[in-house]
Amino acid sequence: MSSQPSPESLDLVRTLVSFDTTSRDSNLALIDWVRGYLAKLGVDSHLVHDETGRKANLWATIGPADRPGLVLSGHTDVVPIDGQEWTVEPFKPSIKDGRIYGRGTTDMKSFLAVCLALAPEFKKAKLKRPIHFAFSYDEEVGCLGVRRLLDDLKTRGIKPAGCVVGEPTNMKVIRAHKGKLSLRAHVRGFECHSSLAPRGVNAVQYAARIVAKLADMNERFAADGPFDAEFDIPYTTAHVGTIQGGTALNIVPKDCKFDFEFRHLPVHDPRALFAELEAWVRKELEPKMRAVHADTGVRFEELSTFPGLSGDEDAEVTQAAKAASGGNATGKVAFGTEAGLFETAGIPTVICGPGDIDQAHKPDEFIALEQIGLCEQFLRRMVERLEARAA
């Protein structure tokens, strides 16, 4: 069987990628287009907006709505292209050497395109169990949109039997991923002339001590675990991504802030890790800062969090995905997805989608055309298997 994609899937990839749905911007133009496409097939869509009304999740059902079905889930937003050196137009997809280039081709509009391309087939199939499309907003900035969608499903009494999140896995079935807790530290010091530095509280230097503490914790995780060898990085990690502070070399800086995260194994409690760090700050650093000036200290702000996924190998959706992919095993990945939130909502979930995560978020992002074709085959087999098992 050929693994080349259908013209319908390729056309839909081009169409979806042409919408600039960078997370800071609205996704409504894309959502409205998808809604119109499905309406022409006789499929109604239900929208769940954010608090501003500028973004929306889309939920659509093909088949009998009164039975538990399969969710095909993906996010519509993409990461920014700012500061990246692209040699192709990021929002004007181009095909070359067996690849299609553009922002979101891998992460993850190709999966959404395949779902939509197969919608006419699903519509004609007279399904015994429904297929649901769940297209979300703001996954890239903390899996925000899908939380509202899941709350809405609960309110409406909708409980699907399983979910496939189509993040890029090279069409391998993934049943577990790490979770993440990300925070911002605000360090407030006390300004003075740098020649009188001992009379000030240097916010940058105190921030550096917290960063060093996080590095120490990271080394401990690497040495002592806990470990899970099925992950490519088999332990929890602590990472500092950005830091800003100070105004001039001859001024003891009053303020410094930095962003950090814990990427944790599903069995590792990130709240406990943060509590350890915060307790150390309160006991070891703040007394020294306030001994110089009372109006100093450290404030932590939570930026985002999502749970890890630890799926059941024996779940129906997992077994069906393994059979549909032709693989006999499942894997685990370090990157996070919305899958953990579906699982937390009581919906058994796996991750399986076209493309390589190594291409995500990069300039000249691309996906191999073969991957799109393989995704078509996978979804057809997945639906056929679940239909055959339907009562």
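The values are calculated or read from the model by the stated rules, or taken from the named source; none is laboratory data. Keep in mind the model is a prediction, meaning the values are calculated, not measured. Ideal geometry is used to build each Cβ from the backbone, glycine not excepted, and the neighbour counts take in all protein chains shown. Keep in mind that these areas ignore ligands, DNA and RNA; they rest on the heavy atoms of the full protein, side chains included. Shrake-Rupley method; radii C 1.70, N 1.55, O 1.52, S 1.80 Å.
Against the condition surrounded by fewer than 19 Cβ atoms within 10 Å (Cβ to Cβ), at pLDDT below 95 and in a loop (DSSP other than H, G, I, E, B), how does Lys172 come out, does it pass? No; evaluated as a whole, the condition is false for this residue.
Residues in segment 16-55 that are more than 15 Å from Asp138 (Cβ to Cβ) and open to solvent by less than 40 Å² (accessible area, probe 1.4 Å): Leu16, Val17, Val34, Gly36, Leu38, Val43, Ser45. The helices (runs of 4 or more DSSP H) located wholly in segment 303-391 that include 2 or more residues which are touching a Pro at 6+ places or on another chain (Cβ under 6 Å) occupy 339-344, 369-389.
Val79: within 20 Å of Glu167 (Cβ to Cβ), of a type in the set (Val, Ile, Thr) and either in contact (Cβ under 8 Å) with a residue 60 or more places away in the chain or open to solvent by 10 Å² or more (accessible area, probe 1.4 Å) (or both), yes or no? Can you show your working first?
Working: within 20 Å of Glu167 (Cβ to Cβ): yes; of a type in the set (Val, Ile, Thr): yes; either in contact (Cβ under 8 Å) with a residue 60 or more places away in the chain or open to solvent by 10 Å² or more (accessible area, probe 1.4 Å) (or both): yes.
When the stated conditions are applied, Val79 passes them.
Applying the criterion of being within 21 Å of Ser310 (Cα to Cα) and of a type in the set (Gly, Ala, Ser) to the residues of segment 135-168, the residue that is nearest to the chain's Cα centre (by Cα) is Gly142. Among the criteria (1) of a type outside the set (A, V, I, L, M, F, W, C); (2) open to solvent by 10 Å² or more (accessible area, probe 1.4 Å); (3) more than 24 Å from Arg103 (Cα to Cα), the one Gln4 does not fulfil is (3).
Okay, residues lined up against (1) open to solvent by 30 Å² or more (accessible area, probe 1.4 Å); (2) at pLDDT 95 or above:
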residue	(1), (2)
Leu277	no, yes
Trp280	yes, yes
Glu286	no, yes
Arg290	yes, yes
Asp295	yes, yes
Glu301	yes, yes
Gly308	no, no
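Annotation note: Cβ proximity below 9 Å between a residue of segment 365-391 that is in contact (Cβ under 8 Å) with a residue 60 or more places away in the chain and of a type in the set (Val, Ile, Thr) and a residue that is surrounded by fewer than 17 Cβ atoms within 10 Å (Cβ to Cβ) and assigned to a loop (DSSP other than H, G, I, E, B) (sequence gap 6+ or interchain) occurs for Ile367/Asp356; Ile372/Ser3; Ile372/Gln4; Ile372/Ser6; Val383/Ala125.
Scanning segment 331-343 for residues that are in contact with a helix residue (DSSP H, G or I) (Cβ under 8 Å, 6 or more places away or on another chain) and either open to solvent by less than 20 Å² (accessible area, probe 1.4 Å) or among the aliphatic types (A, V, I, L, M) (or both) turns up Val333, Glu338, Leu341, Phe342.
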